[in-house]
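> Once you've had a glance at the structure underneath, I'll fire off some questions.
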Amino acid sequence: MGELHSTAYTELDTPVIIIDLDVLDRNLQKTAGLARDANVKLRPHFKTHKSVWIAKEQFRYGACGLTVAKLGEAEVLVDAGIDDLLVAYPIVGRAKLARLAKLLERARIIVGIDNLPCAEGLSELGQSLNKRIEIYVDVNTGLNRCGQEPGEESAELVKNIAKLPGVEVIGLMTHGGYAYGVKTVEGLRAAAKQEAEGLLLTKRLLADAGIEIREISVGSTPTSKFIGELEGVTEIRPGAYVFGDISQLAIGVITPEECAMHVLTTVVSAPRKGTIIIDAGSKTLSGDASSHWPGFGIMKDNREVYAERLSEEHANVRIPDNLAFQVGDRIMLLPNHCCAVTNLHDRLQGVRGDRAERMITVDARGQIR
């Protein structure tokens, strides 16, 4: 029981990452529509898919630019002709500043920072290039990662950066990744408002000081669903919406029908009651756990079947007593975190219906510098 008979799957060697192209297309259209209806810019995060082809599809549906985590991702995109990027990561050190200088010759690059030393490095670079480098200042609205506190603390930082030559603060940004730990729709709505309000408070204080902030940029896929209810935001930066995963499904911001990514695996052993072994381990599924559901991936259409324990190339899959699997059967797992899975693979298999339609190259795989 549980074997997949579709021609698209039976001819594929496993483990393989399956992307349902119809679902992907609907996801791209839906979030683009949310941004359009709310009259905000869509600047999706590239780190989820790391694919030039998908990036160009996002532009086709109206993205204004892309967000990247690292300069390596930006270099891949600029080489592919994409020329409006936000590097949402502090750039530290002469080696990275030199790489940024080369990118600035070819594209519009906004840089996200949260401290004065980074701003001073960008200031020196901007002066050497005889241009003003555009900056978003990162504000901590609850994730407790990068960013000063909203209000006076962040406003004071912006004031100090504004005194520097060679740079221009054009926006405030934040990332509401804490929303993934919320368990109710009302909690998610509150997280979205918290993101926006922290930035808008800072913007008002800066306006009183004569500093104009043009862009208010919020991140995270869960909070982006509420953009139509927020006032004052100018840009959203969701990433994981393209594929869907357990982290989104478990908190109710997507349905199973919006999950485009699954991992096709083969049963290689059935050694004991309640357990099967599949050919996908931590090097395929990633070791990212979920705070909501057990394990590292659930079977498509049956949450009672899940990857309970991972080795590098094996997963112990928990199965209920009423199900039986044979060696050679194939099962599809929905992973916990689609972004982490993407970066483990060179290519993803795009399917449409019963047809394996195209390979999706993970062009920026491993670009962590």
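The values are calculated or read from the model by the stated rules, or taken from the named source; none is laboratory data. Because the structure is a prediction, the values reported are computed rather than measured. Backbone-built Cβ (ideal geometry, glycine too); neighbour counts: all protein chains shown.
> Here's a check for you: in the stretch 144-156, which residue that is on the phi < 0 side of the Ramachandran plot and crowded, with 19+ Cβ neighbours inside 10 Å is farthest from the chain's Cα centre (by Cα)?
My answer is ALA155.
> Quick test for you: out of VAL267, VAL263, VAL327, VAL317, pick the one residue that is surrounded by fewer than 19 Cβ atoms within 10 Å (Cβ to Cβ) and either under 19 Å from the mean Cα position of the chain (by Cα) or of a type in the set (A, V, I, L, M, F, W, C) (or both).
VAL327
> Let me ask another. Does GLU304 satisfy the condition of being in contact with a Lys or Arg (Cβ under 6 Å, 6 or more places away or on another chain), in a strand (DSSP E or B) and surrounded by fewer than 22 Cβ atoms within 10 Å (Cβ to Cβ)?
Criteria not met by GLU304.
> Then there is this: Every residue in the stretch 312-339 that is more than 15 Å from VAL267 (Cα to Cα) and either at pLDDT below 95 or polar (S, T, N, Q) (or both), please.
Those that are more than 15 Å from VAL267 (Cα to Cα) and either at pLDDT below 95 or polar (S, T, N, Q) (or both): ASP321, ASN322, ASN336.
> Looking only at the stretch 174-217, count how many residues are β-branched (Val, Ile, Thr) and in contact with an Asp or Glu (Cβ under 8 Å, 6 or more places away or on another chain).
Here the count works out to 2.
> A further question follows. Is there a residue in the stretch 32-48 that is free of Cβ contacts under 8 Å to residues at least 60 places away in the same chain, of a type in the set (Asp, Glu) and over 20 Å from GLN367 (Cα atoms)?
No: the stretch 32-48 contains no residue that is free of Cβ contacts under 8 Å to residues at least 60 places away in the same chain, of a type in the set (Asp, Glu) and over 20 Å from GLN367 (Cα atoms).
> Could you please find all residues in the stretch 234-247 being in a helix (DSSP H, G or I) and over 11 Å from THR48 (Cβ atoms)?
ILE246, SER247
> Moving to a separate point now. Identify the single condition in (1) touching a strand residue (DSSP E or B) at 6+ places or on another chain (Cβ under 9 Å); (2) free of Cβ contacts under 8 Å to residues at least 24 places away in the same chain; (3) not charged (D, E, K, R) that ALA260 does not satisfy, given that it satisfies every other one.
So the condition that ALA260 fails would be (2).
> Inside the stretch 208-233, can you point out the residues that are under 16 Å from GLY112 (Cα atoms), under 12 Å from the mean Cα position of the chain (by Cα) and not in a loop (DSSP other than H, G, I, E, B)?
GLY219 - this is the single residue of the stretch 208-233 that is under 16 Å from GLY112 (Cα atoms), under 12 Å from the mean Cα position of the chain (by Cα) and not in a loop (DSSP other than H, G, I, E, B).
> Please state which one of ASN302, ASN316 is touching a Ser or Thr at 6+ places or on another chain (Cβ under 6 Å) and outside the structural domain of TYR178 (by TED's automatic domain parsing).
ASN316
> What pairs can you find where one residue is in the stretch 84-101 and within 22 Å of GLN148 (Cβ to Cβ), the other is modelled with pLDDT under 95 and assigned to a strand (DSSP E or B), and their Cβ atoms are less than 8 Å apart, with a gap of 6+ or different chains?
Cβ pairs passing all conditions: ALA88/HIS175; ALA88/GLY219.
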